[in-house]
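Structure, as structure tokens:
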Amino acid sequence: MTLPKEVSLPPATGAWREGDPPGRRRWYRADKPLALEAGGELPGVRLAFETWGRLAPDASNAVLVLHALTGDSHVAGPAGDGHPTAGWWDALVGPGRPLDTDRWFVVAPNVLGGCQGSTGPASVRPDGDRSWGGAFPFLTQRDQVAAEAELADALGVARWALVAGGSMGGMRAVEWAVSYPERVGALLLLATTAAASAEQIAWAQIQVGAVRADRHWQGGDYHDTGRGPHTGLGLARRLAHVTYRSEPELRTRFGRTPQGREDPFRGGRYQVGSYLDHHAAKLVRRFDAASYVVLSEAMNAHDVGRGRGGVRAALGRVTAPTLVAGVDSDRLYPLAQQAELAALIPSAGRLRVIGSPYGHDGFLIETDQVAGLVREILGAGVTSPGGR
């Protein structure tokens, strides 16, 4: 399976690279290597991040927003130079919006291992002029959160008023609350889990396999060759996108209708196939295949109870007022996983349910419902920031 012929592909990667327009990004650069949970260390760490609003004199109004697998730091604002897509939660961040930037100082980092400005496989190694590529080390969610904690220190934020995230961002949010309970004032967990399930690992493993099976993968050392594993990444995206949406939505939206005048009996596509082709083509233009692998494997490794006596004991460490919500049609992160979080976090109330036909993507699409959850947790769990 290949991408549509009319699509002009990037030379090797859709990653942000040195010399590209910075957009709204700022950077934190670590002054020492980051010790990794799996052993060894990662030198030359830097995190790209964006901010909205102003930090209060006592730093009490800082909110941390954590993105999902193929997201980035660009939570709000239009597409433009340096930002291939518009803000992924634009309706929630800004003056007068639920994360009101006249009141809150909102921070969104690009995850460590990502490809939109933070250190990842597409980054140049600190000891030379070649990309990390296949030599990039294995990361876990805890490593990524440890790097984000260093960013918080650099920004002068000793305690976040709120940490919020969905999907992979929710994994990091719960890691924040368990690893640094004293630094999390309130917690919003959306469509996420305490530990990756066997099924989630299986879906991700197939996607990683598709990328690595591409003849242009070259052991991950493709960044400086002029051609990347776009076919494999496109396949991974097609599979992932099906798991992100619900069967009823796909049935209602596309059914068995052919795409335009194409005839599936003669090699043509159905509308649903054209839809998946479109999303595959978009991703290969803005993402890096090796980052997709690194982040997928970090998600597979997610287990908040590892080395902490199990999930129940780990979640018992959370002290922040917590709101947990899931999407009723989510088949990738089913409601039972959010119910476990709500039941085992001592400071969590009842599970909230986002009603949506869109499956897992509902936490990104149903912004009106998510807005209500943001306002609820900010109203219940956060005192008015000082100096505002």
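The values are calculated or read from the model by the stated rules, or taken from the named source; none is laboratory data. Predicted model only: the values in this text are computed from it and were never measured. Cβ placement follows ideal geometry from the backbone for every residue including glycine, while neighbour counts extend to all protein chains displayed. Note: areas computed on protein heavy atoms with side chains; ligands, DNA, RNA excluded. Shrake-Rupley method; radii C 1.70, N 1.55, O 1.52, S 1.80 Å.
Go over the candidates G87, G114, G96 one by one and state the one that is over 15 Å from G166 (Cβ atoms), at pLDDT 95 or above, assigned to a loop (DSSP other than H, G, I, E, B) and open to solvent by 10 Å² or more (accessible area, probe 1.4 Å). The unique qualifying residue is G96.
Run down P109, P126 and say which single residue is within 20 Å of A290 (Cα to Cα) and open to solvent by 10 Å² or more (accessible area, probe 1.4 Å).
On the way: P109 fails: open to solvent by 10 Å² or more (accessible area, probe 1.4 Å).
P126 is the lone residue from the list that is within 20 Å of A290 (Cα to Cα) and open to solvent by 10 Å² or more (accessible area, probe 1.4 Å).
The condition of being open to solvent by 30 Å² or more (accessible area, probe 1.4 Å) and closer than 27 Å to F105 by Cα holds for only one of L323, L378, L364, that being L364.
Specify which of the listed residues (L66, L34, L47, L55) is modelled with pLDDT of 95 or more, within 16 Å of R172 (Cβ to Cβ) and over 20 Å from the mean Cα position of the chain (by Cα). Reasoning before the result, please.
Details: L66 fails: over 20 Å from the mean Cα position of the chain (by Cα); L47 fails: over 20 Å from the mean Cα position of the chain (by Cα); L55 fails: within 16 Å of R172 (Cβ to Cβ).
Being modelled with pLDDT of 95 or more, within 16 Å of R172 (Cβ to Cβ) and over 20 Å from the mean Cα position of the chain (by Cα) holds for just one of L66, L34, L47, L55, which is L34.
Considering only residues that are within 16 Å of A15 (Cβ to Cβ) and open to solvent by less than 40 Å² (accessible area, probe 1.4 Å), which ones fall in the stretch 257-285? Answer for the stretch 257-285, where residues must be within 16 Å of A15 (Cβ to Cβ) and open to solvent by less than 40 Å² (accessible area, probe 1.4 Å): L283, V284. How many residues are of a type in the set (K, R) and part of a helix (DSSP H, G or I) when one looks only at the stretch 255-284? Residues meeting the conditions: 2. Evaluation of R331 against the conditions (1) open to solvent by 10 Å² or more (accessible area, probe 1.4 Å); (2) touching a Phe, Trp or Tyr at 6+ places or on another chain (Cβ under 8 Å); (3) not small (G, A, S) shows that the sole unmet condition is (2). G305 - would you say it is in a loop (DSSP other than H, G, I, E, B), surrounded by fewer than 22 Cβ atoms within 10 Å (Cβ to Cβ) and without any contact (Cβ under 8 Å) to a residue 12 or more places away in the chain? Considered against the rule, which asks whether it is in a loop (DSSP other than H, G, I, E, B), surrounded by fewer than 22 Cβ atoms within 10 Å (Cβ to Cβ) and without any contact (Cβ under 8 Å) to a residue 12 or more places away in the chain, G305 comes out as no.
Considering T319, T252, which residue is over 29 Å from G209 (Cα atoms), in a helix (DSSP H, G or I), in contact (Cβ under 8 Å) with a residue 24 or more places away in the chain and not small (G, A, S)?
Values: T319 fails: in a helix (DSSP H, G or I).
Of the residues listed, the single one that is over 29 Å from G209 (Cα atoms), in a helix (DSSP H, G or I), in contact (Cβ under 8 Å) with a residue 24 or more places away in the chain and not small (G, A, S) is T252.
Residues being in a loop (DSSP other than H, G, I, E, B), more than 28 Å from A204 (Cβ to Cβ) and in contact with a helix residue (DSSP H, G or I) (Cβ under 9 Å, 6 or more places away or on another chain) are entirely absent from the stretch 33-52.
Among the criteria (1) under 30 Å from G120 (Cα atoms); (2) not in a helix (DSSP H, G or I), the one A290 does not fulfil is (2). Scanning the stretch 165-213 for residues that are open to solvent by 30 Å² or more (accessible area, probe 1.4 Å) and in contact with a Pro (Cβ under 6 Å, 6 or more places away or on another chain) yields nothing.
Consider the stretch 134-149 and keep the residues that are in contact with a strand residue (DSSP E or B) (Cβ under 9 Å, 6 or more places away or on another chain) and farther than 22 Å from A108 by Cβ. The one that is surrounded by the fewest Cβ atoms within 10 Å (Cβ to Cβ) is P137. Exactly one residue among L235, L189, L239 is part of a strand (DSSP E or B) and closer than 19 Å to L69 by Cα, and that residue is L189.
Tallying residues that are over 10 Å from F363 (Cβ atoms), assigned to a helix (DSSP H, G or I) and in contact with a Gly (Cβ under 8 Å, 6 or more places away or on another chain) within the stretch 169-186 yields 3.
Yes/no per residue for (1) under 19 Å from the mean Cα position of the chain (by Cα); (2) β-branched (V, I, T); (3) at pLDDT below 95:
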{"position": "L187", "(1), (2), (3)": "yes, no, no"}
{"position": "A196", "(1), (2), (3)": "yes, no, no"}
{"position": "Q200", "(1), (2), (3)": "yes, no, no"}
{"position": "A204", "(1), (2), (3)": "yes, no, no"}
{"position": "A210", "(1), (2), (3)": "no, no, no"}
{"position": "Q218", "(1), (2), (3)": "no, no, no"}
{"position": "D224", "(1), (2), (3)": "no, no, yes"}
{"position": "G228", "(1), (2), (3)": "no, no, no"}
